[in-house]
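Read-outs throughout are calculated quantities, based only on the coordinates presented, and are distinct from any laboratory measurement. Because the structure is a prediction, the values reported are computed rather than measured. Positions of Cβ are generated from backbone atoms using ideal geometry, with glycine treated the same way; all protein chains shown enter the neighbour counts.
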């Protein structure tokens, strides 16, 4: 028998977190993969070379440990899957180049981006891809960067973005790449240690679970009124974008005693209310789940998922100022009360079992807890560059098994611009332009409140 590799005993064991594996459970049984990313709009220049930019991006991706690793299942008794260095890792294999279909406008670029995001990443290699999109109208190049949700959340995505931009530290840790895989014996010992810690934590689990259950509305929340927003979704997605200045929205929120998150919820609820009125329906308030992070920042050496959904009824009818007054400060207050790990992190094995049995997918398709999902990530407050080329805008993108949520919203602030991406099933939301226009009107109206001479509050 060959002697064990001594280096394998020094290699850190990096197990996938319970919430990370929960993301894999959500996509079990088919449907769309749980993937997220961003579209970076690069300023065009006559001498810009996408191929050279791709080589630079690939080189910088090598500096991010998780972008060099695969998620590997283990034999029985060895515990949860682990992240291991891919000995065949070649960052160039993850970078592609495509031409944007005519007319090369934002609509065409978004269609390319959602197609990239919906394409399942190969499990036998690191879970990311980058696509440079050329031939945009007016010059410029799009960069669509996508990762699997098991790898990171929105805050982690910002850490990865910072590593790909100019000014990032040089690649580290590649001199010993690939690191040897931990031995089976060490994995078993580590797994048993984790199980013993879990058993010791059982007496406190009931108390720990109270906060995430409360955030999600409890075990038996009131069923939300049924409407056409709740319908089983398929495998296709379409994107729309609305934008506003970040400072006016922030000022509006602060004057009402709230935050940008509150302003976003009011805008989303108002837009959904307008969409339902367009369809001849009336539901008020709308019940939204806002995704908040359990951390303020992340490092590329410590990614994974640390998010918690908070359930809020938000009024959609009436003047924006009055609606904002009614909910101002609630997200911040609730976040402090329910701070801690999510249900998925605390009950990962349960989620995976439900996923394997097909029960999780069935629940998501028939749930009546919320009408839609809203997430907001604070991005860089100053412009960044990649290879000396300015990034003039960033559009966030996320797809996944939406269950019966026909539409969701993902916001990102970048360099003074607040961008909200609407993700919808085109079969369930054929009137997406109506929703996008209503959302833009809501954002414009809320931003305008910051400039009024007399206080509306």
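Here are the numbers:
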| read-out | value |
| --- | --- |
| Relative packing of 355-364, 243-252, which averages over residues the other C-beta atoms within 10 Å, highest first | 243-252, 355-364 |
| Residue 184 paired with residue 437, simple spin-label distance in nm, labels 7 Å along Cα-to-beta-carbon | 6.4 nm |
| Prolate/oblate/rounded call for the range 368-457, Cα gyration tensor, a/c under 1.5 rounded | oblate |
| The range 6-185: Rg to Rh, with Rh as the Kirkwood radius over Cα pairs | 1.00 |
| Additional length obtainable on full extension of the chain from residue 73 to residue 197, 0.36 nm per residue less Cα span | 42.5 nm |
| Segment residue 392-residue 43, length gained on full extension (0.36 nm per residue, minus Cα span) | 125.0 nm |
